[in-house]
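See below for the structure under consideration.
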Amino acid sequence: MEELRSFAEEHVADAADLYLRSVRGQNRPAPPALGEYFREVYFRNPWRTPGVESIAYMIDGKLAGFLGVIPRPWTFHGKPILAAASTLFMMDRRYAAGFGAMRILRRFFDGPQDISFSEGTADQVTPVFAAAGAKISYLYSFNWMRVLRPFGVARHFMDRFGRTAAALKGPAGLLAGPLDALVSKAPLAALRRPACSLLVRPVSAAELFDVMAESKGREALRPVHDRSAFEWHMEQAGAGPGHAGFRMAVASASDGTPAGWFIYYARPGGMNFVLQVAALRKQQIPYVLDALFADAWTQGVAGLKGQIDPRHLVAMTARHCVFRQPDNRYVVHARNPEILSAFLSGDTAVSKLDAGGWLRIPVEPWT
Amino acid sequence: MSDIRDKVTACFRNVFPDLRPQDIPSAEAESVAGWDSIAQVTLVSAVAEEFGLALQPDDYERLNSYALIVAFVETQLA
């Protein structure tokens, strides 16, 4: 017998096992730490809202599917609305028959929230989201990349070019640094150390919250932050070895006036994700981007990547960013056509912080 | 009418290449291996595209057998 239920504590162990089995192909019991992380994220997040819970799909009393849902307060033209992010979607292949995936998503979209979204839905699954009523946001489905150290980036991707290339990754590290130092002297702006006119200083979550509160952004759709929720969010985004290098920084003019901020992972030598980069005023975004790239260079980062923000496209293009569409999509659902239209047209302040980009689930080994 | 059945059958063959032709007319979600949400959406979308039909979200789940799909197409084109 099939049943859709709100995800409960009794399902946690099975959900953790399902993650390892369905996503990582590992048929072993999940360690307690993974179950505890499910509890922290899905039952103890500061935005818990009755009626907007994660969903458990049961077949004959056994967990056969799961959709992790995290609600968030947003505003639409200044009025409070409720958003819900789908952060983890998994089905047990042992129960491959049946329309559980579609039923889970229809239940998700039928919830009381005003807007629902999911980033990074695999190409194969995106049609199921669409069939359940979602629209594909082609705009937010793009990623941007900024290569800072080309040989470091090439080394980072060596795992994708066969076993021989992967085996050479270690020795290649001895060459990548000197080669990158050499090319940074070339008369090509894209290869040189990024210049920056702002002062960058790392900050705490509380300090960053105060700066963010001064933002003059006027996008139709904006996430709402409160201090304690933001501090929890940043603590989670920076927790665990998989999130090494987590860095929050404010970029300011020489007189100390903040211009913007960025939140990203700054692991030396690799490609690192930017969770959010923003300016207090839109005219300042080029300078804040310069500050981000310069800061990442100083940290030894080989390259940065992040989710497209349509507000930044022109400035990013001018700063040698490249854009690519990975084989997954950003999807969104809203019953109000004006809310949906605002999102699809890019009139939002959404970033990787607002979906699942900060979760530890995909980046930890869970051994 | 046979043209509709032929085209729906072709859609089934594309989505379920291992399904025997003689089993297609009686095919339904509960009896065909691998007929999950992804296969369902792929199949129904292929049929909609073949016949130029618009679908509602309810249609994706409801049209879960060859017979229902053929009946749907016939109704839409009548």
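Read-outs: derived from the displayed coordinates by stated rules, not from any lab. Note that the structure is a prediction, hence the values are computed from the model and not measured. Here the Cβ is made from the backbone with ideal geometry for all residues, glycine too, and neighbour counts use every protein chain on show.
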Requested in this report: Please report, in cubic angstrom per residue, the volume enclosed by the convex hull of the alpha-carbon atoms of the range A:283-367.
Outcome: 145
Report summary line: Under 5 Å from the placed amide H of A:Asp92, counting only residues 5+ away or on other chains, we find A:Gly65
**Report entry** In sequence order, calculated HN-Hα J values of the range A:5-10 (Karplus, 6.51, -1.76, 1.60; Hz; x Gly/Pro)
**Finding:** 9, 5, 4, 10, 3, 5
Report task. Compute the relative contact order of chain B as a whole-number percentage, counting only Cα pairs closer than 8 Å that sit 6 or more residues apart in sequence. Result -> 40
Query raised in the report: Measuring from the lowest to the highest alpha carbon on each principal axis, how far does the range A:162-302 reach, largest first, in angstroms?
Result: 49, 37, 27
Report summary line: Answer in debye to the nearest 20: the dipole magnitude of chain A about its Cα centre, from +1 Lys/Arg and -1 Asp/Glu charges placed on Cβ, is 1100
**Report entry** Cα convex hull volume per residue for the range A:115-202 (Å³)
**Finding:** 196
**Report entry** For q = 0.26 Å⁻¹, Debye-computed log10 I/I(0) when each Cα of the range A:323-367 counts as one equal scatterer
**Finding:** -1.09
Query - Separation in nanometres of the label points that stand 7 Å from Cα toward Cβ, at B:Asp23 and A:Asn27 - result: 2.4
Requested in this report: Would you please give the residues with an amide H less than 5 Å from that of A:Leu275, counting only those at least 5 places away or on a separate chain, with H modeled from the backbone geometry?
Outcome: A:Ile263, A:Tyr264, A:Tyr265
Query raised in the report: Can you work out ³J(HN,Hα) from phi for every residue in the range A:167-181, in order, using Karplus 6.51 cos²θ - 1.76 cosθ + 1.60 and θ = phi - 60°, giving whole Hz and x for Gly and Pro?
Result: 5, 8, 4, x, x, 4, x, 5, 9, 4, x, x, 5, 5, 4
Query raised in the report: Over the C-alpha atoms of chain B, what are the Rg and the largest Cα-to-Cα span, Dmax, in Å?
Result: 11.3, 32
Requested in this report: Towards the positive end of the charge dipole of the range A:117-217, with charges on Cβ (+1 Lys, Arg; -1 Asp, Glu), say which of A:Pro171, A:Val211, A:Tyr140 has the farthest Cα.
Outcome: A:Pro171
Report summary line: Sorted by chain and then number, the residues having a modelled amide H within less than 5 Å of the amide H of A:Phe142, at least 5 places away or on another chain, are A:Ile308
Query raised in the report: When Rg is the radius of gyration of the Cα atoms in the range A:152-233 and Rh is its Kirkwood radius, what does Rg/Rh come to?
Result: 1.19
Query raised in the report: What area, in nm² and to one decimal, does the C-alpha convex hull of the range A:285-335 cast on average over all directions?
Result: 4.9
Requested in this report: Pop out the Kirkwood hydrodynamic radius of the range A:27-111 from its pairwise C-alpha distances, inverse of mean 1/r, in Å to one decimal.
Outcome: 14.4
Report task. Largest first and to the nearest Å, give the Cα extent of the range A:3-53 along each principal axis. Result -> 33, 26, 17
Query raised in the report: Each residue of the range A:290-306 in turn: what ³J(HN,Hα) in whole Hz from Karplus with 6.51, -1.76, 1.60 and θ = phi - 60°, glycine and Pro shown as x?
Result: 4, 5, 4, 5, 5, 5, 4, 4, 4, 7, x, 5, 7, x, 10, 8, x
**Report entry** Selection from B:Leu43, B:Gln76, B:Leu19, by position along the positive dipole direction of chain B (Cβ)
**Finding:** B:Leu19
Query - chain A - percent relative contact order, Cα under 8 Å, separation 6 or more - result: 22
Requested in this report: Taking the convex hull of the Cα atoms, report for the range A:238-319 its projected area averaged over all directions, in nm².
Outcome: 5.5
Query raised in the report: Taking a threshold of 31 Å on the Cα-Cα distance, which of the pairs A:Lys62/B:Lys7; A:Lys216/A:Lys352; A:Lys135/A:Lys216; A:Lys79/A:Lys352 fall above it?
Result: A:Lys62/B:Lys7
Report summary line: The farthest towards the positive end of the charge dipole of the range A:89-228, of the residues A:Gly98, A:Val200, A:Val224, given +1 on Cβ of Lys and Arg and -1 on Cβ of Asp and Glu, is A:Val200
Requested in this report: Treating cross-link reach as a plain straight distance, find the aspartates and glutamates whose alpha-carbon is under 17 Å from the alpha-carbon of A:Lys282, omitting any fewer than eight places away in the same chain.
Outcome: A:Glu214, A:Glu219, A:Asp290, A:Asp309, A:Asp347
Requested in this report: Using just the alpha carbons, could you tell me how many Å³ per residue the convex hull of the range A:235-279 encloses?
Outcome: 83
Report summary line: So the FRET efficiency between A:Ala122 and A:Ala213, C-beta based with R0 = 41 Å and rounded to 0.05, is 0.65
Query raised in the report: Given the convex hull over the Cα atoms of the protein assembly as shown, what projected area results after averaging over all orientations, in nm²?
Result: 24.3
Query - Helix-derived mean residue ellipticity, 222 nm - over chain A, DSSP H n ≥ 4, -39500 (n - 2.57), to 500 - result: -8500 deg cm²/dmol
Query raised in the report: With contacts defined as alpha carbon pairs under 8 Å and 6 or more residues apart, what's the relative contact order of the range A:1-87 in percent?
Result: 28
